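Visitor: Quick one: structure below, then a few questions.
The values are calculated or read from the model by the stated rules, or taken from the named source; none is laboratory data. All figures in this text were calculated on a predicted structure; none of them were measured in a lab. Using ideal geometry, Cβ is built from the backbone for each residue, glycine included, and neighbour counts are taken over all protein chains shown. Side chains included, ligands, DNA and RNA excluded: accessible areas come from the protein's heavy atoms. Shrake-Rupley method; radii C 1.70, N 1.55, O 1.52, S 1.80 Å.
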Amino acid sequence: MAFGDQPAYLRVADDLRKKIAAGELPPHARLPSQARIREEYGVSDTVALEARKVLMVEGLVEGRSGSGTYVRAQPVPRRVVRGGFHTAGETTPFRQEQADDRITGTCEAESEQEEAGGEIAGRLGVEAGERVMRTRYVFRSQGEVVMLSTSWEPLELTGRTPVMLPEEGPLAGRGVVDRMAALDLVVDNMAEEVGARPGRAEEVLALGGVPGHWVMVISRTYFAGGRPVETADVVVLAERYRIAYRLPVK
């Protein structure tokens, strides 16, 4: 077997990856044992072990205690549709995060006051240590957790008002646009940035992934007259979702 100039463990991992993609090692098939890899590719135990680790980190295979390592069934990516900031009107927290009307879902939310750390303070345009309302959401569709979200709002704007808690009070669940309008603040702009990083253990567990999975993070900030009034991070599993945007043409 002719190999290129890559390190041996990457060459072995690449060949096994191609077999998985071609269906030679179909979903739920047992990956060749370490001894078999060593024999077939003429490499050491260390190289065989490292090659298997690469495939595990990539989410292509998974270890089963006392049984071995098996090829994972890869999910068909679905879309998380984004649609710009929402104008006033009755809606739901799920619809505020998913602009595709064909997809329905529910959410759970929990709010708590905290001091803004440096990053969140910068995004909100406040001093580090200022009090903010943090709300954590878990969004479900057909019983499956599809996304997590954490939002922060400066209490200098909402504190001691009827809309201080996003999911309680007279405008519970109505979203940032409606709630800020009740404070005479007109939300007129929104900015989003999409990035990727390794998922934190608690995120991956909540989203139904496995350790090592990467997540996509949508960092969103709402503005009223140039002033940030809310910022949030929306988290989805990278292997399961694609971010799609529907934006108005002006």
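Visitor: With unit charges on the beta carbon (Lys/Arg positive, Asp/Glu negative), name the residue among Ala182, Leu205, Pro248 whose Cα is farthest towards the positive pole of the charge dipole of the stretch 175-250.
Guide: So the residue we want is Pro248.
Visitor: Compute the relative contact order of the stretch 78-245 as a whole-number percentage, counting only Cα pairs closer than 8 Å that sit 6 or more residues apart in sequence.
Guide: Relative contact order, the stretch 78-245: 24 percent.
Visitor: What value, in deg cm²/dmol to 500, does the helix sum -39500 (n - 2.57) over DSSP H runs of n ≥ 4 give at 222 nm once divided by the residues of the chain?
Guide: Value at 222 nm, helices only, nearest 500: -7000 deg cm²/dmol.
Visitor: Enter the Cα centre distance for the pair the stretch 106-182 and the stretch 222-250, rounded to the nearest angstrom.
Guide: 15 Å
Visitor: Between (i) 19.0; (ii) 17.7; (iii) 12.9, which entry matches mean projected area of the Cα convex hull in nm² as derived from the coordinates of this structure?
Guide: So the structure-derived entry is (ii).
Visitor: Which ³J(HN,Hα) values in Hz, rounded to whole numbers, follow from the phi angles of the stretch 215-229 under the Karplus curve 6.51 cos²θ - 1.76 cosθ + 1.60, where θ = phi - 60° and Gly and Pro get x?
Guide: Values, residue by residue: 10, 9, 10, 9, 9, 10, 9, 8, 10, 10, x, x, 9, x, 10 Hz.
Visitor: Related question: Could you look at the stretch 1-78 and say what percent of its accessible area is carbon and sulfur, using a 1.4 Å probe and all protein chains?
Guide: Its accessible area is 52 percent carbon and sulfur atoms.
Visitor: Related question: Can you work out the base-10 log of I(q)/I(0) for the stretch 8-71 at q = 0.15, 0.20, 0.23, 0.24 1/Å, using the Debye formula on its C-alpha atoms alone?
Guide: -0.38, -0.70, -0.94, -1.02
Visitor: Name the residue farthest towards the positive end of the dipole of the stretch 78-245 from the options Ala128, Gly173, Met147, assuming +1 on Cβ of Lys and Arg, -1 on Cβ of Asp and Glu, about the Cα centre.
Guide: Among Ala128, Gly173, Met147, the one farthest towards the positive end of the dipole of the stretch 78-245 is Met147.
Visitor: Averaged per residue, what accessible area in Å² does the chain show with a 1.4 Å probe, protein chains only?
Guide: Accessible area per residue: 54 Å².
Visitor: Angle between the Cα long axis of helix 8-22 and the longest principal axis of the chain, 0 to 90 degrees, nearest 10?
Guide: With both axes taken from Cα atoms, the answer is about 80 degrees.
Visitor: Sort 145-155, 65-75, 35-45 by packing, meaning the average of other beta carbons within 10 Å per residue, with the highest value first. If you can, show how the numbers build up before the last one.
Guide: Details: 145-155: 21.4, 65-75: 12.4, 35-45: 14.5.
Result, highest mean first: 145-155, 35-45, 65-75.
Visitor: If you put +1 on each Lys and Arg Cβ and -1 on each Asp and Glu Cβ, how big is the dipole of the stretch 78-245 around its Cα centre, in Debye rounded to 20?
Guide: In debye, rounded to 20, the stretch 78-245 gives about 580.
Visitor: Helix 45-57 versus the longest principal axis of the chain: what is the Cα-based angle in degrees, 0 to 90, to the nearest 10?
Guide: That works out to roughly 30 degrees.
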